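*Asks:* Handing you a structure now.
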Amino acid sequence: MVESARLSLHVPEPAVRPGGHPDFSNVKIAKAGSVPRPEVDVASEDIRDLAYSIIRVLNRDGEAVGPWAGSLTDEELLTGLRNMMKLRAFDARMLMAQRQGKTSFYMQHLGEEAVSCAFRKALQKGDMNFPTYRQAGLLIADDYPMVEMMNQIYSNESDPLRGRQLPIMYSSKEHGFFTISGNLATQYVQAVGWAMASAIKNDSRIAAAWIGDGSTAESDFHSALVFASTYKAPVILNIVNNQWAISTFQGIARGGSGTFAARGLGFGIPALRVDGNDYLAVHAVARWAAERARRNLGPTLIEYVTYRVGAHSTSDDPSAYRPKTESEAWPLGDPVLRLKKHLIVRGVWSEERHTQAEAEILDEVIEAQRQAEGHGTLHDGGKPSVRDIFEGVYAEMPPHIRRQRQKAGY
Amino acid sequence: MARMTMIEAVRSAMDVSMARDDNVVVFGEDVGYFGGVFRCTQGLQAKYGKTRCFDTPISESGIVGTAIGMAAYGLKPCVEIQFADYMYPAYDQLTQEAARIRYRSNGDFTCPIVVRMPTGGGIFGGQTHSQSPEALFTHVCGLKVVVPSNPYDAKGLLIAAIEDPDPVMFLEPKRLYNGPFDGHHERPVTPWSKHDLGEVPEGHFTIPIGKAEIRRTGSAVTVVAYGTMVHVALAAAEDAGIDAEVIDLRSLLPLDLDTIVKSVTKTGRCVVVHEATLTSGFGAEVVSLVQEHCFYHLEAPVVRVAGWDTPYPHAQEWDYFPGPGRVGRALAEVMEA
């Protein structure tokens, strides 16, 4: 009989807790330009390494290098920078508005702007995203009006959702942005269904599913992968690994020594990891996956390796569970500063123009905020009607809801 | 007109709907090549192709979740959950997603899906093949809940459900799939071919969701039932020789309150019968509405007859199932009060 020790349960822990020195030495970063770019019709088993490495384009000197570089023009990159700056300025103003009591809640994108802004530019009009709460960049980069976003955040009289949704849970069919659910991972499989429908109808439109690292533990994530794989759905399965699911570090949902991207391999889905703070890399990888989907080659799974610099939401205090300086130690840098540096190296941008652009964008955001607040904030000014509570539960109001509406005095 | 079982009527409803509208798709576990474990989808894949009727992985949440996405795209998915008992992994998708998409997006996105599921007992299915989860759906604003009691209604209601712009839970009483059931388990099931309601038009027709039907007129007491219990209630009224009015609800949400109130106002007495467990069952909702709207017309307390508050047993199925004996005793109780 084999002698053995008493069993003990393994509970993963992050490398450092508050008070400690940030340490990302365990995050293996591939050199920019070092990861190959396969053809889009590659078999998943031939690119297994891409699920364990990190695709990067921008090097430390701000140069775009390697096989994933060169997919964007100067103008497109300048637009990308502007979109990320706009999202950051929007975030700052809305965070402040929440602190001023103008709304109940806000979730910012600080440090993750490249993921959604660059991804949107790889899609076409008519494609559909099934986003989480941290992809407002999909709307900003598609020129959805900021005033409308603010009206939604304030739940005011002009809120397109009539005060029914939590702030930041936007919806816009026209801009390919499916109505956000607060229930995690449910929409991952819905995106696969949308993509299957497009294939059933021999359409050319594709879908994009979004999830955070923590929510990959939900069963709907696995349902989505099995359906996407089974029917070769034209869908891009995005995982934003920003290291933290509220206070729980990514090692809890991930487990073991694998990567989130590697989960696609068991389903035969090509899987890539990309530097989520590198606008060029995100765009190049997203475009690769979009082309695969549009050529009827099936789904692609992409893990964006990034860092959530801000709190999870305005109800969260990250200093309680991670070192305060951890975000500064994040080895992949700041997506805005990296793209700015690249554009300066490229000779199409400068510190002066950047400062000027910041001021212009701030004016634009403040003007949008002024307009939105003219329609009211959560506790002041114009509100949606109480009648709106009862409308739209069904296409046609059934008698029992009509009776309740009348009882409420409307 | 043709004679149909409820299985054939359900199949015919999908067939008619798929023929009329290219956007109608049918999928679920075993529904494609094989035609479903109850054969409700038999022949549909051969007729419409495997991209409109197909098998899925065993993942109820995946089935309903993909259906929601397809509906957002513009299709009209009619999916099958193999037994209502297996619906729970999809409950999150149904209650927090399908039910609310129209509301939370202010109509920007909608969810016209139908979720079919065989429900109820009477076939020795034990705990995991006999449940009646309708009350779990009627509590959810945004869903519609339909339970047919015969082939004619099954077809008309299912076509209406597929054409409905909102998500519809379509619960098919499996005890009624092949024939009506008079509640006496020792007697053989009569085929639908000998029953008026087994006569079903072959083409397109609909029955409005939200309208009850009076199956037996009477003036002494109102029996409110749906699904298999409609047949049990009719048998009980016959056996007891009571002049009972039997209402078949057909739709639980929306509910045809007017028909219930009109009947109870007339009779002054009411018995509510369902197969699901008693506590917090749909009967509680009916009783509340009856006391709220008919209190001054009531001559006796309203009585509920339901499954016991236990899991559905296998060997003691007929002691669990509310049969005409139990319904008869309830009728006697309200008549004596």
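Table: residues versus (1) open to solvent by less than 20 Å² (accessible area, probe 1.4 Å); (2) outside any loop (DSSP other than H, G, I, E, B); (3) modelled with pLDDT of 95 or more; (4) away from chain A (no Cβ under 13 Å).
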{"position": "B:17", "(1), (2), (3), (4)": "yes, yes, yes, yes"}
{"position": "B:38", "(1), (2), (3), (4)": "no, no, yes, yes"}
{"position": "B:45", "(1), (2), (3), (4)": "no, yes, yes, yes"}
{"position": "B:50", "(1), (2), (3), (4)": "no, no, yes, no"}
{"position": "B:57", "(1), (2), (3), (4)": "no, no, yes, no"}
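*Asks:* Need the failing condition index for residue B:21 against (1) open to solvent by less than 10 Å² (accessible area, probe 1.4 Å); (2) more than 11 Å from chain A (Cβ to nearest Cβ); (3) over 21 Å from the mean Cα position of the chain (by Cα); (4) under 21 Å from residue A:194 (Cβ atoms), just the number.
*Replies:* (1) is the only condition that residue B:21 fails.
*Asks:* Which residues, counting only those in region B:93-133, are among the small types (Gly, Ala, Ser) and in contact (Cβ under 8 Å) with a residue 12 or more places away in the chain?
*Replies:* B:98, B:99, B:120, B:121, B:122, B:125, B:126, B:130, B:132
*Asks:* Considering only region B:114-161, how many residues are at the interface with chain A (Cβ under 10 Å from one of its Cβ atoms) and buried (at least 22 other Cβ atoms within 10 Å of the Cβ)?
*Replies:* 3
*Asks:* Here is a further query. Contact list please: Cβ distance under 8 Å, first residue in region B:237-266 and within 14 Å of another protein chain (Cβ to nearest Cβ), second residue surrounded by 23 or more Cβ atoms within 10 Å (Cβ to Cβ) and small (Gly, Ala, Ser), pairs at least six apart or on different chains.
*Replies:* Once the first residue is within 14 Å of another protein chain (Cβ to nearest Cβ) and sits in region B:237-266, its partners that are surrounded by 23 or more Cβ atoms within 10 Å (Cβ to Cβ) and small (Gly, Ala, Ser) give B:249/B:225.
*Asks:* For the list (1) among the aliphatic types (A, V, I, L, M); (2) more than 19 Å from the chain's Cα centre (by Cα); (3) open to solvent by less than 10 Å² (accessible area, probe 1.4 Å), I need the number of the one condition that residue A:329 fails.
*Replies:* Looking at each condition in turn, residue A:329 falls short on (3).
*Asks:* Looking at residue A:222 and the list (1) open to solvent by 10 Å² or more (accessible area, probe 1.4 Å); (2) touching a residue at least 60 places away in the same chain (Cβ under 8 Å), which single condition is not satisfied?
*Replies:* (2)
*Asks:* Please enumerate the residues belonging to region A:228-250 that are closer than 23 Å to residue A:315 by Cα, of a type outside the set (S, T, N, Q) and surrounded by fewer than 21 Cβ atoms within 10 Å (Cβ to Cβ).
*Replies:* Passing the criteria: A:245, A:246, A:249.
*Asks:* Counting only residues that are open to solvent by less than 10 Å² (accessible area, probe 1.4 Å) and more than 17 Å from the chain's Cα centre (by Cα), which one in region A:131-184 is nearest to the other protein chains (Cβ to nearest Cβ)?
*Replies:* This residue is A:161.
*Asks:* When the residues of region B:59-104 are narrowed to those that are closer than 16 Å to residue A:190 by Cβ, surrounded by 21 or more Cβ atoms within 10 Å (Cβ to Cβ) and β-branched (Val, Ile, Thr), which ends up nearest to the other protein chains (Cβ to nearest Cβ)?
*Replies:* Result: B:66.
*Asks:* OK, next. Count, please, the residues in region A:176-191 that happen to be among the aliphatic types (A, V, I, L, M) and either modelled with pLDDT under 95 or assigned to a loop (DSSP other than H, G, I, E, B) (or both).
*Replies:* 3
*Asks:* Restricted to region B:162-196, and to residues that are out of contact with any Asp or Glu (no Cβ under 7 Å at 6 or more places or on another chain) and among the hydrophobic types (A, V, I, L, M, F, W, C), which residue is surrounded by the most Cβ atoms within 10 Å (Cβ to Cβ)?
*Replies:* Taking the candidates together, the pick is B:169.
*Asks:* Could we say that residue A:205 is touching a residue at least 40 places away in the same chain (Cβ under 8 Å) and within 7 Å of chain B (Cβ to nearest Cβ) here?
*Replies:* No, not satisfied.
*Asks:* Have a look at A:107, A:84, A:128 and point out the one that is touching a residue at least 12 places away in the same chain (Cβ under 8 Å), under 12 Å from residue A:175 (Cα atoms) and open to solvent by less than 40 Å² (accessible area, probe 1.4 Å).
*Replies:* Of A:107, A:84, A:128, the one residue that is touching a residue at least 12 places away in the same chain (Cβ under 8 Å), under 12 Å from residue A:175 (Cα atoms) and open to solvent by less than 40 Å² (accessible area, probe 1.4 Å) is A:128.
*Asks:* Tally up the residues in region A:223-234 that are within 9 Å of chain B (Cβ to nearest Cβ) and within 21 Å of residue A:305 (Cβ to Cβ), please.
*Replies:* Counting residues in region A:223-234 that are within 9 Å of chain B (Cβ to nearest Cβ) and within 21 Å of residue A:305 (Cβ to Cβ) gives 1.
*Asks:* I'm told residue A:211 meets every condition in (1) within 14 Å of chain B (Cβ to nearest Cβ); (2) surrounded by fewer than 24 Cβ atoms within 10 Å (Cβ to Cβ); (3) touching a strand residue (DSSP E or B) at 6+ places or on another chain (Cβ under 7 Å) except one. Can you identify the failing condition by its number?
*Replies:* It fails just one condition, (2).
*Asks:* Only one residue in B:245, B:299 is of a type in the set (Asp, Glu) and either surrounded by 16 or more Cβ atoms within 10 Å (Cβ to Cβ) or under 20 Å from the mean Cα position of the chain (by Cα) (or both), so which one is that?
*Replies:* Exactly one of B:245, B:299 is of a type in the set (Asp, Glu) and either surrounded by 16 or more Cβ atoms within 10 Å (Cβ to Cβ) or under 20 Å from the mean Cα position of the chain (by Cα) (or both), namely B:245.
*Asks:* Could you tell me whether residue A:307 is in contact (Cβ under 8 Å) with a residue 24 or more places away in the chain and open to solvent by 70 Å² or more (accessible area, probe 1.4 Å)?
*Replies:* no
*Asks:* Can you find, within region B:24-36, the residue that is nearest to the other protein chains (Cβ to nearest Cβ) among those that are surrounded by fewer than 21 Cβ atoms within 10 Å (Cβ to Cβ) and either part of a helix (DSSP H, G or I) or aromatic (Phe, Trp, Tyr) (or both)?
*Replies:* Ranking the candidates gives B:33 first.
The values are calculated or read from the model by the stated rules, or taken from the named source; none is laboratory data. Fair warning: this is a prediction, and the values are worked out from it, not measured in the lab. Using ideal geometry, Cβ is built from the backbone for each residue, glycine included, and neighbour counts are taken over all protein chains shown. We work out accessible area using only protein heavy atoms, side chains counted, and drop any ligands, DNA or RNA first. Shrake-Rupley method; radii C 1.70, N 1.55, O 1.52, S 1.80 Å.
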